[in-house]
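Participant: Can you read through this structure? Questions will come right after.
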Amino acid sequence: MNCRQCGIRVEAVPWARPGSRYAKALEREIVEMARNASLLAVSRHFRLGWKAVYGIVKRLVSLLSVATTPGTRRMANAIDLSLFRGHDGE
């Protein structure tokens, strides 16, 4: 936000997680696709770099793995980050 009185300010918005450059809905879609597709396929589908996709998946897996409910822990375990190892980029 660019305010004439305050200058440039960073504001929290309900559709994005703190520190994220992407909307929550886009991050959810990326993680869902990453459960069944390679990193390269996901990055090409969403037209993002593989590092951005990896960062999103890694961040959401870490958030889910510290969750207290068994369902969210199972979801975190279902997303296998080992699929992403060995990619050198596009």
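Quick note: the coordinates plus some simple rules give every number you see, no bench work behind them. From a predicted model like this one, the values you see are computed outputs, not experimental measurements. Quick reminder, even Gly has a Cβ in these numbers, built from the backbone with ideal geometry, and neighbours come from all protein chains shown.
Participant: Which GluC sites (Glu not before Pro) in region 10-41 pass both tests, a DSSP loop state and at most 14 other beta-carbon atoms within 10 Å?
Facilitator: Details: sites: GLU11, GLU27, GLU29, GLU32; in loops: GLU11.
Here the GluC sites (Glu not before Pro) that fit, given the DSSP loop and packing criteria, are GLU11.
Participant: How much length, in nm to one decimal, is gained on full extension between ALA23 and GLN5, taken as 0.36 nm per residue of separation minus their Cα-Cα distance? Before the final figure, lay out each step's value.
Facilitator: On the way: separation 18, 0.36 × 18 = 6.48 nm, distance 2.79 nm.
So the chain would gain 3.7 nm between ALA23 and GLN5.
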